[in-house]
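Peer 1: Got a structure for you, questions after.
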Amino acid sequence: MSVYELLSEYGSRYVLALLTTWELTFFAAIISFVIGIVVTVMRVSPIKPLRAVSELYVQIFRNIPGASLLILLVYALPYLDVVLSYFACVLIAASLIPSAFCSEYLMAGINTIDPGQIEAARSLGMTFSQIIRKVVIPQALRFSVLPLTNLLVAIMLTTALASQVPLNPTDLTGIVSHINTHAVGGITAFMISAFLYCMTALVIGFAGNLIDRKVRLMR
Amino acid sequence: MIEIKKLNKYYGDHHVLKDIDLSVDKGEVVVIIGPSGSGKSTLCRTVNRLETIDSGEILIEGEPLPEDGKDLAAIRSKIGMVFQSFNLFAHKTILENVTLAPVEVLHKSHAEAKEEAMRLLKRVGVDSQADKYPIQLSGGQQQRVAIARSLAMNPKVMLFDEPTSALDPEMINEVLDVMTELADDGMTMMIVTHEMNFAKQVSDRVVFMDDGRILEINTPEKFFSEPGTDRARDFLESIKN
Ligand SMILES: Nc1ncnc2c1ncn2[C@@H]1O[C@H](COP(=O)(O)OP(=O)(O)OP(=O)(O)O)[C@@H](O)[C@H]1O
Ligand SMILES: [Mg+2]
């Protein structure tokens with residue numbers, strides 16, 4: 001089938017698939033950034049058990065393959081009487097793994113902060129949580145804009161895990177399988193999805209660069 | 001104001017502060033001098049517990065320093081500290097550097113904190129830079145902002161750890177002038193410095209440290225004309241050249 005034929009037959013499905021990918025990416029990004037920040041605060045906290053747990057968390061989710069995690073969520077959780085929707089399973093898998101990377105990038109950002117600033121904050125009577133919120137996180141985020149932008153693209157690509165479970169509407173990768181089981185879309189069906197992934201990634205990258213230029217700290 | 005009794009501190013096996021006894025009265029300016037590695041910075045930093053101690057006691061206005069938590073933070077807010085490397089918050093403007101702690105710690109309103117900050121920035125002569133970021137200021141200006149930032153907490157004592165050592169020579173005086181004014185206004189101060197003329201001018205007492213011990217506490221007149229120990233005499237000789 002030509003691009004034209006594919007689009008006239010499956011155009012609206014592609015739109016839905018794109019929206020599904022965006023939706024998964026959007027929510028996975030929010031969840032993974034929130035978890036990433038929380039885990040990072042635990043990693044720098046003065047409380048040892050918190051540090052140990054958060055380090056373990058990062059090690060686990062940085063190293064587990066997405067497909068394995070998805071299989072665990074879909075097939076193992078029901079044994080614990082936890083039955084989640086396929087959408088939720090994909091969302092969780094595409095959130096937990098990037099959250100570990102998010103924390104790694106934030107830690108790298110934190111390590112660029114001069115410890116003298118932390119001492120100054122302590123000497124002014126600021127508490128741990130005030131220092132984290134007002135001095136550490138704002139600077140760590142500024143230094144992490146570009147890595148986090150790349151992470152956002154990686155999150156989008158991770159949501160292709162959705163093609164491994166029956167979702168309706170399916171995502172940009174799922175729709176390729178769908179078309180190829182119902183018609184002969186061939187490589188063209190795939191190219192359309194790839195094009196949409198690429199365009200989204202370009203927009204994300206562009207926005208990331210803009211933000212970075214705006215918030216970057218001169219040294 | 002500050003009483004330090006029989007203080008000992010170790011870094012591992014290294015005994016860095018040995019039986020330190022020192023008190024600083026209200027309104028007094030105490031200058032600490034001594035060779036590199038003698039423990040001056042460490043002593044300064046134990047006073048607001050940036051460094052823990054192994055034995056002995058530190059009393060602030062008669063109360064022992066709390067171990068940690070909110071009580072410690074509250075005491076620290078009353079003890080200003082100025083560092084060799086300024087340590088301004090890089091992501092905040094000059095004005096925000098000065099207002100952050102009063103808003104967060106003292107729960108002042110933004111308007112009140114800002115007004116007070118502008119007054120202090122004017123006092124140290126950098127009010128025209130209020131909207132810039134630290135990196136855009138000279139070292140001398142940054143250090144004056146750091147002093148204003150400490151003053152904004154309305155501290156009872158100010159600790160200075162070699163506040164001019166990281167500065168180009170032509171900027172040293174602008175910072176020392178601000179400190180001299182503070183001293184004249186009656187601020188209680190504990191100052192580690194290598195600026196001997198300044199020490200002579202501003203101090204009520206000079207503390208000479210060597211190898212973790214206080215070897216001599218004296219008036220500046222006495223100390224600089226006839227130091228009581230050979231070590232102090234050698235030290236004064238060595239820095240003359
Ligand atoms: N964090 C640390 N860990 C281990 N040893 C340290 C630490 N900080 C300082 N020391 C050691 O403690 C001793 C006292 O150091 P301190 O910085 O107090 O000296 P100082 O008198 O301020 O010297 P300077 O004039 O060079 O600033 C030195 O021998 C130093 O090497
Ligand atoms: Mg020192």
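Just so it is clear, none of the values below were taken in a lab; they were calculated from the coordinates. A quick note: this is a predicted structure, and the numbers were derived from the prediction, not measured. Glycine gets a Cβ as well: all are built from the backbone with ideal geometry, and neighbour counts include every protein chain shown.
Peer 1: Take the residues in segment B:33-61 that are of a type in the set (A, V, I, L, M) and more than 12 Å from ligand 2 (Cβ to nearest atom), then tell me which one is nearest to the other protein chains (Cβ to nearest Cβ). Before the answer, list the steps.
Peer 2: Pass one, segment B:33-61, residues of a type in the set (A, V, I, L, M): B:33, B:43, B:47, B:50, B:53, B:58-60.
The next check asks that each one be more than 12 Å from ligand 2 (Cβ to nearest atom); those that pass are B:47, B:50, B:53, B:58-60.
Numbers: B:Val47: 10, B:Leu50: 6, B:Ile53: 16, B:Ile58: 15, B:Leu59: 18, B:Ile60: 13 Å.
Taking the candidates together, the pick is B:Leu50.
Peer 1: Another question, then. Scanning segment A:174-184 for residues that are in a helix (DSSP H, G or I), in contact with a Phe, Trp or Tyr (Cβ under 9 Å, 6 or more places away or on another chain) and touching a residue at least 60 places away in the same chain (Cβ under 8 Å), which turns out farthest from A:Tyr75 (Cα to Cα)?
Peer 2: A:Ile179
Peer 1: Another one. Could you tell me whether any residue of segment B:62-77 is closer than 20 Å to B:Asn154 by Cα, part of a strand (DSSP E or B) and more than 13 Å from chain A (Cβ to nearest Cβ)?
Peer 2: Checked segment B:62-77: at least one residue is closer than 20 Å to B:Asn154 by Cα, part of a strand (DSSP E or B) and more than 13 Å from chain A (Cβ to nearest Cβ).
Peer 1: Can you tell me which condition A:Lys214 does not meet? The list is (1) within 14 Å of chain B (Cβ to nearest Cβ); (2) in contact (Cβ under 8 Å) with a residue 60 or more places away in the chain; (3) more than 28 Å from A:Ile47 (Cα to Cα), and all the others hold.
Peer 2: Going through the list (1) within 14 Å of chain B (Cβ to nearest Cβ); (2) in contact (Cβ under 8 Å) with a residue 60 or more places away in the chain; (3) more than 28 Å from A:Ile47 (Cα to Cα), A:Lys214 breaks only (2).
Peer 1: Also: Sort out which residues of segment B:182-197 are farther than 12 Å from B:Val30 by Cα and either assigned to a loop (DSSP other than H, G, I, E, B) or in contact (Cβ under 8 Å) with a residue 40 or more places away in the chain (or both), and write them in order of number. Even if it seems obvious, please write down each step before you answer.
Peer 2: Taking segment B:182-197 first, the residues farther than 12 Å from B:Val30 by Cα are B:182, B:184-186, B:194-197.
Once the filter is applied, which keeps residues that are farther than 12 Å from B:Val30 by Cα and either assigned to a loop (DSSP other than H, G, I, E, B) or in contact (Cβ under 8 Å) with a residue 40 or more places away in the chain (or both), segment B:182-197 yields B:Asp185, B:Gly186, B:His194, B:Glu195, B:Met196.
Let's see how each residue does on (1) out of contact with any Cys (no Cβ under 9 Å at 6 or more places or on another chain); (2) more than 14 Å from every other protein chain (Cβ to nearest Cβ); (3) within 16 Å of ligand 1 (Cβ to nearest atom); (4) polar (S, T, N, Q):
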site: B:Val82; (1), (2), (3), (4): yes, no, yes, no
site: B:Leu100; (1), (2), (3), (4): yes, no, no, no
site: B:Val105; (1), (2), (3), (4): yes, no, no, no
site: B:Lys122; (1), (2), (3), (4): yes, yes, no, no
site: B:Gln129; (1), (2), (3), (4): yes, yes, no, yes
site: B:Tyr133; (1), (2), (3), (4): yes, no, no, no
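Peer 1: How many residues are touching a residue at least 12 places away in the same chain (Cβ under 8 Å) and over 26 Å from B:Phe224 (Cα atoms) when one looks only at segment B:6-32?
Peer 2: Looking only at segment B:6-32, we keep the residues that are touching a residue at least 12 places away in the same chain (Cβ under 8 Å), and these are B:6-10, B:15-32.
Retained after the next criterion (residues that are over 26 Å from B:Phe224 (Cα atoms)): B:6-10, B:15.
Number of matching residues: 6.
Peer 1: Does segment A:145-157 contain at least one residue that is within 14 Å of chain B (Cβ to nearest Cβ) and under 19 Å from A:Ile30 (Cβ atoms)?
Peer 2: From segment A:145-157, those within 14 Å of chain B (Cβ to nearest Cβ) are A:145; that's our starting set.
Then keep just the ones that are under 19 Å from A:Ile30 (Cβ atoms); that gives A:145.
Yes - at least one qualifying residue is present in segment A:145-157.
Peer 1: Regarding segment A:39-59, can at least one residue be identified that is in contact with a helix residue (DSSP H, G or I) (Cβ under 9 Å, 6 or more places away or on another chain), free of Cβ contacts under 8 Å to residues at least 12 places away in the same chain, away from chain B (no Cβ under 14 Å) and of a type in the set (Lys, Arg)?
Peer 2: Yes, that holds for at least one residue.
Peer 1: Follow-up. Does segment B:215-225 include one or more residues that are in a helix (DSSP H, G or I), crowded, with 21+ Cβ neighbours inside 10 Å and without any contact (Cβ under 8 Å) to a residue 40 or more places away in the chain?
Peer 2: Of the residues in segment B:215-225, the ones in a helix (DSSP H, G or I) are B:220-225.
Of the ones still in play, those that are also crowded, with 21+ Cβ neighbours inside 10 Å are B:223.
Filter once more, keeping what is without any contact (Cβ under 8 Å) to a residue 40 or more places away in the chain: B:223.
The answer is yes, given that some residue of segment B:215-225 is in a helix (DSSP H, G or I), crowded, with 21+ Cβ neighbours inside 10 Å and without any contact (Cβ under 8 Å) to a residue 40 or more places away in the chain.
Peer 1: Do we find a residue being within 16 Å of ligand 1 (Cβ to nearest atom) and within 12 Å of another protein chain (Cβ to nearest Cβ) anywhere in segment B:172-192?
Peer 2: no
Peer 1: Within segment A:115-127, count every residue that is more than 7 Å from chain B (Cβ to nearest Cβ) and either surrounded by fewer than 18 Cβ atoms within 10 Å (Cβ to Cβ) or outside any helix (DSSP H, G or I) (or both).
Peer 2: Number satisfying all stated conditions: 1.
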